[in-house]
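One structure is given below, encoded as structure tokens.
Computed from the coordinates by the stated procedures, all read-outs in this text should not be read as laboratory data. These figures come from a predicted structure and were not determined experimentally. Note: ideal-geometry Cβ built from the backbone for every residue, glycine included; neighbour counts use all protein chains shown.
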Amino acid sequence: MITMKDVAKLAGVSPITVSRVISSPEQVKPATRAKVTRAIEELNFKPNSIARSLVTNRTDTIGLLLSNVANPYYPEFILGLETMARSLGKNVIICNAQDYDTATQNLELLLEKRVDGIVVTSIEFDSLKLQEKFHAHLEELSQLKQKSIPIVLMDPNPRSTILSCIEVDNYLAGRIAMSHLCELGHRRIAHISLERDANVWIERLRAYKDAHHKYDLPFDSARIELIRFESVKLAEEAASRLLRMEPRPTAIFAGNDLLAVGAIHAAHRLGVKIPEELSVIGVDGISIGDQIYPRLTTVSHPQYKVGEAAVQLLVKKINGDEDNSNITLKPALLIRESTAHTQI
């Protein structure tokens, strides 16, 4: 087994110099660094990650705490995050956080693994108090005097926090969706969302309500269906109730693409033609929208870019950048086949 001493002997330097080249190459003279690098390549030396971490006090590993790894929103986000992380010399450990207990246990696991920093996605526990409690714990970790842990939040709940955040403008996403429907002539627009204390749902619902004032639409609270869980089945049941109203809505703005899929299922079962008799629009731009019939019009999030930006922001903080500025990315309208000019 090739050791650091073997590299030092071949390069004609001390083992400490080899260690410095590996951990802090910028502190070593270029000529010496080149000799050590050639020796490492010639001997095919692979530095032991544990030994390197003891020298640098870093593991070159970051943690990713996901609200639900099965959520179809996350594959593109994870791909962007992991690809960027590897380009920056970081490995990624992914953990679930479906509820408070799981989130706290997996957070402790990441700390035990001595990760250099953590990205935490939008967390939606059953109560706002638990969300606030969890975020307070994250803030404490980021402020520890002995060994603080850099943390970046994605779409934070609640919004007010001292931690760095990256998010997509959810209010703008709702505005874009409603503007598209209104420009197609729709005036009876229904909304399906979640009954959760989370910014993503609150902001999209606010955009729905504000659009009624902006476009002088007749507002009817009966056209708003709030379901308890993010479920295609529950969204289908909610849409079925909406489509049995008199007069029936001519369009449905679903809080996300999964709920929009439920609305499309309901229309199919009730014999309501899409988009001739009903327009349906979602938010997020996940792959399922391109697989359902008709293909879903949506307000697409740049999930891959969100993942890239999240890890870039985290690595800056790991490297000592104390700037706590936030990043907000904009969504974009993606017109497919589920929306059209109203014919009613």
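Give me the aspartates and glutamates in straight-line cross-link reach of residue 305: C-alpha distance below 15 Å, same-chain residues under 8 apart excluded.
Within the straight-line cut-off, residue 305 pairs with 76, 82, 155, 167, 169, 284.
Summing -39500 (n - 2.57) over the DSSP H runs of n ≥ 4 in the chain and dividing by its residue number, what mean residue ellipticity at 222 nm do you reach, to the nearest 500 deg cm²/dmol?
-14000 deg cm²/dmol
What aspartates and glutamates does residue 129 reach when the alpha-carbon gap must be under 14 Å and sequence neighbours fewer than 8 apart in one chain are set aside?
Counting by Cα, and skipping residues close in sequence, residue 129 has these aspartates and glutamates nearby: 99, 101, 197.
Which order do 209, 113, 35, 46 fall in if you start with the one that has the fewest other Cβ atoms within 10 Å?
46, 113, 209, 35
Would you list which lysines come within 20 Å of residue 29, measuring only between C-alpha atoms, while excluding same-chain residues fewer than 8 positions from it?
5, 9
Contact order normalised by length for the chain, with contacts defined as Cα pairs under 8 Å and 6 or more residues apart; what percent is it?
Once divided by the residue count of the chain, the mean separation gives 17 percent.
Sum up the charges of everything whose Cβ sits under 14 Å from the Cβ of residue 205, counting Lys and Arg as +1 and Asp and Glu as -1, but leave residue 205 out. Let's see the in-between values first.
Values: positive: 175, 196, 204, 206, 209, 223; negative: 195, 197, 203, 210, 225.
Spelling it out: positives minus negatives among the neighbours equals +1.
Would you tally the net charge around residue 115, using a Cβ to Cβ cut-off of less than 10 Å, leaving residue 115 out, and scoring K and R as +1, D and E as -1?
Charge balance near residue 115 sits at +1.
Dividing the convex hull volume of the alpha carbon atoms of the chain by its residue count, what do you get in Å³ per residue?
155
Kindly express, to the nearest 10 degrees and within the range 0 to 90, the angle between helix 199-214's C-alpha long axis and the longest C-alpha principal axis of the chain.
Here the helix axis deviates by roughly 40 degrees.
Where does each of 224-231, 178-185 land if you order them by average Cβ count within 10 Å, highest first?
Ranked from most to least packed, the peptides come out as 178-185, 224-231.
Build a GNM of the chain with springs between Cα atoms under 10 Å: which of 246, 195, 277 gets the top mean-square fluctuation?
246
Specify the inter-centroid distance of the range 166-237 and the range 278-344, based on alpha-carbon positions, in whole Å.
Measuring centre to centre over Cα atoms gives 16 Å.
Quick one: among 38, 295, 204, which has the greatest mean-square fluctuation in a GNM of the chain with alpha-carbon springs under 10 angstrom?
Judging by the Gaussian network model, the answer is 38.
Only bridges with both residues in the chain count here: give the DSSP antiparallel percent, nearest 5.
The answer is about 10 percent antiparallel.
Highest mean first, what order results for 265-275, 63-73 on Cβ atoms within 10 Å?
Values: 265-275: 16.9, 63-73: 19.8.
Order by mean packing, descending: 63-73, 265-275.
Output the 0 to 90 degree angle, nearest 10, between the alpha-carbon long axis of helix 303-318 and the longest principal axis computed from the alpha carbons of the chain.
Orientation of helix 303-318: about 40 degrees from the principal axis.
Out of 279, 325, 193, any idea which swings most in a Gaussian network model of the chain, alpha carbons joined below 10 Å?
Its mean-square fluctuation being the largest, the pick is 325.
Are any of the pairs 46/317; 90/316; 113/133 more than 18 Å apart by Cα-Cα distance, and if so, which? Don't skip to the answer; put the middle values down first.
Details: 46/317 27 Å; 90/316 12 Å; 113/133 23 Å.
From the list (46/317; 90/316; 113/133), the Cα-Cα distance tops 18 Å for 46/317; 113/133.
What nm distance separates the two modelled labels at residue 232 and residue 105, each placed 7 Å from Cα along Cα→Cβ?
2.9
Cα gyration tensor of the range 80-126, axes a ≥ b ≥ c as square roots of the eigenvalues: rounded (a/c below 1.5), prolate (a/b > b/c) or oblate? Show your work: numbers first, answer last.
On the way: a/c = 3.38, a/b = 1.66, b/c = 2.04.
Note, shape of the range 80-126 comes out oblate.
In Å and on Cα atoms, what radius of gyration and Dmax does the range 240-344 show?
Gyration radius and largest Cα-Cα distance of the range 240-344: 18.4, 60 Å.
Calculate how steeply helix 128-142 sits against the longest principal axis of the alpha-carbon atoms of the chain, using the helix alpha-carbon long axis, and give the answer as 0 to 90 degrees to the nearest 10.
20
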